[in-house]
Each structure stands twice: as structure tokens, then as C-alpha cells.
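Reading through the C-alpha cells given below for one structure.
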Amino acid sequence: MIDDGIVVFSRDGDVGLVELNRPPHNLLEGTLLAGLTEAFTEAVDRGCRSILLSSRLRHFCAGADLDAMASGDLAKLDLIGFLRSVEDLPIPTVAAVHGAALGGGFELALACDLIIAAESAQIGLVETTIGLFPLMGGVPRAVAHAGLARAKEIVLLGRRHRPSTLERWGLINQVVPDEALRDASLSLARQLAAGPTVAYQAVKRLANHTAAHGVFAGDELTTEVGGPVWDSDDLATGLAAFFASGVADGVFSGS
């Protein structure tokens, strides 16, 4: 387990559990981002096959630390690079959002592959309310998820939204009752951890590349990312199970 006080890493089988724990509201600044980077790296290095990102506190993440912003410390950080490193993790990631996920907190969740939110959560890109704009890539990612018109509405107005609204707009995958968030998100992370990890990595690379560069560029990358999948033990296992029983019930090793 990694426990530096502000980020806690542990395991649930093949799921890496990364928990934000910087009181009072998990405000983003250099030490928290460094702790997240260390925890994500640890999850991959230890062979985890999915990651569940959540919070131990009242809120998921209420945005940037304004003291770090005012001092100029936040401006010295490679925020876009950090977000891309989360997106490019070779295993699936799930964000379990409760309380507030505002500004950089929402951007952090958007960097994950899937988002599950508690129905009482308050979520938004609210930077314009202090005369700023999303610094961690929130604008292009909102456009990629929700389209140009909705993205402009979300960012320009800086409102806090109900998860059900953002689910309808395509930014959140699932909304669940508050009391069900932990079980639902962990169940999904376990399902991903039991899946064909090599194929998942190919899907992530293709999806992210297509979102950034378009469908033609995604087509061009397909053959390249397909090589490791064709050579994977998981494909051999899946095919063998299907030919034996006619049902896709192979147990994947993740290799």
C-alpha cells in the first residue's frame, strides 16, 4: 500500500484502488498530482489490470488549490501532460464521483475511461466564475464528449450540473444512488480487471487517437495496435473457449 496522506493506493485483487485524501476537499496542487502519478505508476508496475479512482473525503475533488494558483506554483506544472498520462495508462480506469467534482476535479474524472457518479454529485467546469478557463484540457475533452454547442454551454456558463444531465449529454457513463456508488464502481472495475487487458489497451489507444485526430487517423493506427492483440494469450484463450462450448466464457489472464 502507498499512503502518503494525500493519496492512498491499495489493491482489490487485480484492481488498483487509488483514493484521494487531501483535506478538506482534495484541491489540486503539485503534491497531490505527484501522489496520483506515483499511485497510477504503482498500479501498472504491480500488474493491476484496472484502476478505480475515488475519494475518501466529502468531495471527489473541488478543483484547483487557489492558493497554489495565486502563488504561481500551479502555472509551473505540466497540467496537460499530467492529464494525458492518465488517459494513456495501459489499463482501463474508472472514476467514482461523489460530492463536488469541479474544474480540475471534473477534468481529472474526464481523463478516466469511464465515470460513475452518485446522483447527488455536483459536477462542472466552473473556471469562468473566477475569470479563468479550464487549464487541464477540459475544453477539448468536453467538445469530444458532448459536441461543440454543449461544451461551450458547460464552460462559458460555468454551472454546476446534476450527473443525470451530464449523463444525457454524454460526459458521464452511469449515475447511481449515493449509497450504491462504491459497489457499482468497484463491480465495474473488477469486470474490467477480468477482461482481455491487451485488447483493452488497443481500444484505449484507438479511441484516444481517433478523438484527437479523426476517424481516418484511427483507421491508420488499427493495424499497428492489432499486432499485440493477435499474439495475445487472451485471444487464444477466448477462441478456445468459444470453439469448445459455443459461448464466449474464456477466463482471461491479461497477457
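Every number in this text was worked out from the coordinates using simple rules, so none of it is lab data. These figures come from a predicted structure and were not determined experimentally. Backbone-built Cβ (ideal geometry, glycine too); neighbour counts: all protein chains shown.
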remark   = The farthest towards the positive end of the charge dipole of the chain, of the residues A193, A240, G99, given +1 on Cβ of Lys and Arg and -1 on Cβ of Asp and Glu, is G99
request  = Would you mind telling me the antiparallel percentage of the DSSP bridges in the chain, rounded to 5?
outcome  = 30
Neighbour-count ranking [beta-carbon atoms within 10 angstrom, fewest first] of M136, M69 = M69, M136
query = G16's amide H: which non-local residues (gap 5+, or another chain) put their own amide H closer than 5 Å, with H modeled 1.01 Å from N in plane and none for Pro or chain starts?
reply = R49, S50, I51, L52
ask   = Going through segment 11-65, which trypsin sites (Lys or Arg not before Pro) have at most 14 other Cβ atoms within 10 Å and a DSSP loop state?
value = R46, R56, R58
inquiry  = Please list, in order along segment 164-174, the HN-Hα scalar couplings obtained from phi with the Karplus expression 6.51 cos²θ - 1.76 cosθ + 1.60 (θ = phi - 60°), rounded to whole Hz, x for Gly and Pro.
reply    = 4, 5, 6, 5, 5, 7, x, 9, 10, 7, 7
inquiry  = About the Cα centre, and with charges only on the beta carbon of Lys, Arg (+1) and Asp, Glu (-1), how big is the dipole of segment 4-98? Nearest 20 debye, please.
reply    = 240
key: Lys, Arg +1 and Asp, Glu -1 on Cβ, resulting dipole of the chain about Cα centre, debye, nearest 20   = 720
key: Segments 24-31, 144-151, 164-171 sorted - mean Cβ within 10 Å per residue, highest first   = 24-31, 164-171, 144-151
ask   = Tally Lys and Arg at +1 and Asp and Glu at -1 over the other residues with C-beta under 14 Å from the C-beta of I51: what net charge comes out?
value = -4
Amide H within-cut-off set for S55, under 5 Å, with H built and near neighbours excluded = L20
request  = State which helices in the chain qualify, where a helix is a whole DSSP H run, it must extend 20 Å or more along its own axis by its Cα atoms, and its mean Kyte-Doolittle hydropathy must be at least 0.0.
outcome  = 30-45, 215-230
query = Using +1 on the beta carbon of Lys and Arg, -1 on that of Asp and Glu, and nothing else charged, what's the dipole of segment 197-245 about the Cα centre, debye to 20?
reply = 160
request  = Take peptides 227-234, 184-191, 78-85 and line them up by average Cβ neighbours within 10 Å, highest first, as a rough protection proxy.
outcome  = 184-191, 78-85, 227-234
key: Label of the coordinate-derived value, P(r) over Cα pairs in 10 Å bins from 0, in percent, listed as (i) 7, 30, 36, 21, 6, 1, 0; (ii) 6, 25, 24, 17, 11, 6, 4, 3, 2, 1, 0; (iii) 8, 34, 39, 16, 3, 0   = (i)
query = Order of 211-220, 32-41, 95-104 by packing, highest average Cβ count within 10 Å first?
reply = 95-104, 32-41, 211-220
task = Please give the residues of segment 19-47, grouped as numeric ranges, whose backbone N is less than 20 Å from a label point set 7 Å along the Cα-to-Cβ vector of S71.
result = 21-37
